[in-house]
1. Can you run phi through the Karplus equation (6.51, -1.76, 1.60; θ = phi - 60°) for region 512-524 and list ³J(HN,Hα) in whole Hz, with x for Gly and Pro?
2. Could you provide, to the nearest whole Å², the per residue accessible area of region 138-207 with probe 1.4 Å?
3. Roughly how many nanometres apart are two label points built 7 Å out from the Cα toward the Cβ at Leu570 and Lys471?
4. Please say if region 158-213 is rounded, prolate or oblate, where rounded means a/c under 1.5 for a ≥ b ≥ c the square roots of the C-alpha gyration tensor eigenvalues, and otherwise the choice is prolate for a/b larger than b/c and oblate otherwise?
5. Would you list Leu98, Leu591 from the most to the least accessible area, probe 1.4 Å?
6. Tell me which lysines have Cα within less than 22 Å of Lys477's Cα, excluding those fewer than 8 residues away on the same chain?
7. Arrange the peptides 185-197, 139-151, 578-590, 512-524 so that the one whose residues have, on average, the most other Cβ atoms within 10 Å appears first.
8. Mind checking which lysines have their Cα closer than 16 Å to the Cα of Lys124? Skip sequence neighbours fewer than 8 apart in that chain.
Amino acid sequence: MALADEESMTSKSSQNSQGSRTRLQRATFAAGAALTVVVAGAGAAPGAGAAQENTAGKPKLKLIAASNSVTLDRYEWDGASGVFLDLGTYLSVDDAPLEFKVTRKSYKDPVVAQQILRDGTSTKAKTKTLPAGLVKDFTGLAGFIDVSIKNAAGEEVSATKGTFCPNNASGRIRPDAPATSKYPQSCPTNPFTLGSVWGVEKGWASNTSSIDYDKPVDLPVGEYTAKVGVAKEYRDLFGIPDDQHTIKVTVRSDGEGGEGAGAAASRSSASSAHHGGGNGAGHGAGHDTQTAHDPAAAAAAAAHHYGPRGADAPTPPALSHALEDRGLAHHLGDGPGHTDGSRIAPALKPAAKRPTGRAGVPADVPKPDLRSLPAWDIAVTDGEDGDAPGKDYLAFSANVWNAGPAPLVVDGFRSPGKDLMDSYQYFYDADGKQVGYTPSGTMEWDPREGHEHWHFTDFASYRLLSEDQTKEVRSGKEAFCLANTDAVDYTVKNANWHPENTDLSTACGQQNSISVREVLDVGSGDTYTQYRPGQSFDITDLPNGTYYIQVIANPENRLQETNTKNNVALRKVVLAGEPGARTVTVPPHDLINAP
């Protein structure tokens with residue numbers, strides 16, 4: 001496990017419509033180590049420009065451009081059209097890593113961001129708290145990049161400010177830099193995130209582009225000039241030179257350079273593996289590497305509830321158009337026999353055989369701590385793909401995460417000829433040696449369209465409660481596959497910043513599987529999107545009024561964990577309207593206004 005250095009750390013608008021339901025807003029890029037050649041030929045030496053104070057532990061930052069020109073596609077889908085501005089500019093980092101710890105004590109408290117200053121000569125680190133209010137969420141440094149676009153006549157046609165996620169697609173800028181990055185691969189977009197770590201290694205550069213898939217820039221086909229610079233408040237805060245990069249932009253129709261967004265999304269939907277449970281993991285999701293590398297395909301697919309990984313897909317890997325133009329895209333992503341470490345991870349291997357001997361767990365062995373997050377992404381729908389037509393359903397997303405200090409590891413072993421597996425929870429000491437196991441129920445094969453994988457039973461359940469929370473009016477108990485779809489808190493002890501099974505198509509097994517391993521790593525959560533048949537609450541005959549969505553982790557206590565008193569979360573909802581036109585209002589949860 002990649003451990004957060006705890007000692008040093010201490011010194012998706014209203015969702016009531018039935019259309020687009022996406023967590024891709026302000027999405028950031030997350031490609032892996034294969035991008036190490038990203039800026040090798042950029043022609044700008046890191047650290048050039050205005051002089052910076054050379055303080056121990058303080059990174060030297062500079063905005064550089066991977067290319068002087070880029071070609072962008074103009075996409076059109078479902079009545080929307082526009083261009084996603086990936087201009088291939090990067091923030092280079094040298095002398096010391098650029099690192100941030102971003103946390104909030106509770107949902108009643110604001111987000112606090114600290115810069116971690118490591119000089120490489122001490123095991124401890126200094127911290128510098130960023131100005132209050134500068135960082136409002138966990139998606140990155142808002143308003144970091146200023147982008148101005150002018151047309152061929154010299155008229156400004158677009159002026160935007162971009163959020164910079166240090167965990168964006170990144171790569172080395174010199175050969176003696178660390179070969180791999182220890183930092184996470186994206187910035188969290190889950191509204192109930194509690195803690196995050198952002199960082200760029202010394203000798204690396206990170207893509208500054210941020211893409212809001214709900215808000216493409218409306219640029220007609222033609223030639224443009226883009227000017228990109230770092231906003232003054234960040235230049236002053238971090239001592240970044242005032243370098244402005246001018247980039248020639250060619251906008252072409254999507255038909256000129258490849259398949260259109262709709263076609264790509266359709267192909268993705270047809271070829272994807274599906275998880276019938278939650279945030280990608282059995283969670284109402286299909287998975288395909290094409291949509292992960294094609295922003296328009298991702299956006300078009302996300303216009304339906306079942307996008308590349310479901311309604312609340314994690315940040316898709318992406319690469320700069322400057323890389324595409326230079327022919328460096330062929331080895332990126334996951335494919336037969338290779339992976340670049342992106343969000344589509346290789347399958348995990350279960351134990352070679354069922355455990356033998358007496359089941360038991362030492363009292364002092366580390367265990368997971370499963371916790372529920374309040375529901376979000378809440379909407380009324382009229383039923384989809386198997387639900388009864390003409391009825392009203394309350395759909396939502398929910399997440400159970402692992403606060404550690406140990407991962408949840410569950411293996412399933414199949415009885416030949418049966419669509420059922422016996423499951424076992426495993427336990428490990430501080431050195432990673434298996435020291436115990438216990439039976440934990442079953443895994444079952446779900447043959448329904450949109451599911452078609454192995455579900456672990458009794459991991460979580462969902463209930464709709466009356467206003468006084470004394471009566472259960474609807475139940476949404478579901479078995480599903482586990483995957484590390486969300487980075488909920490990467491500042492907890494033993495948080496794994498690079499979990500393996502982030503993709504359900506590799507974590508959930510196939511119909512012919514003889515065994516399956518499912519893991520929920522420390523710091524990560526598994527989002528379950530309740531849009532698939534039988535998952536959302538049927539509210540057709542419920543009277544209008546106030547209710548609570550209850551999310552319960554480990555409802556039957558079949559899993560051993562350190563604490564079972566934090567397994568339940570509630571989210572208030574108010575139903576109104578007439579049959580066939582029901583509405584839902586979702587009040588804020590403390591400071592979190594995410595319906």
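1. So the Karplus estimates, Gly and Pro as x, are 9, 5, 9, 7, 9, 10, 10, 10, 10, 7, 5, x, 9 Hz.
2. Value for region 138-207: 31 Å² per residue.
3. The answer from the label model is 1.6 nm.
4. Taking the square roots of the gyration eigenvalues as a ≥ b ≥ c, region 158-213 is oblate.
5. Leu591, Leu98
6. Qualifying lysines at Cα under 22 Å: Lys391, Lys565, Lys572.
7. Ranked by mean Cβ neighbours within 10 Å, highest first: 185-197, 512-524, 139-151, 578-590.
8. Lys58, Lys101
The values are calculated or read from the model by the stated rules, or taken from the named source; none is laboratory data. The model shown is predicted, which means the values in this text are computed figures rather than measured ones. When we count neighbours, we look across all protein chains shown, and the Cβ atoms used for this are built from the backbone with ideal geometry, even at glycine. Surface areas here come from the heavy atoms of the whole protein model, side chains and all, with no ligands, DNA or RNA. Shrake-Rupley method; radii C 1.70, N 1.55, O 1.52, S 1.80 Å.
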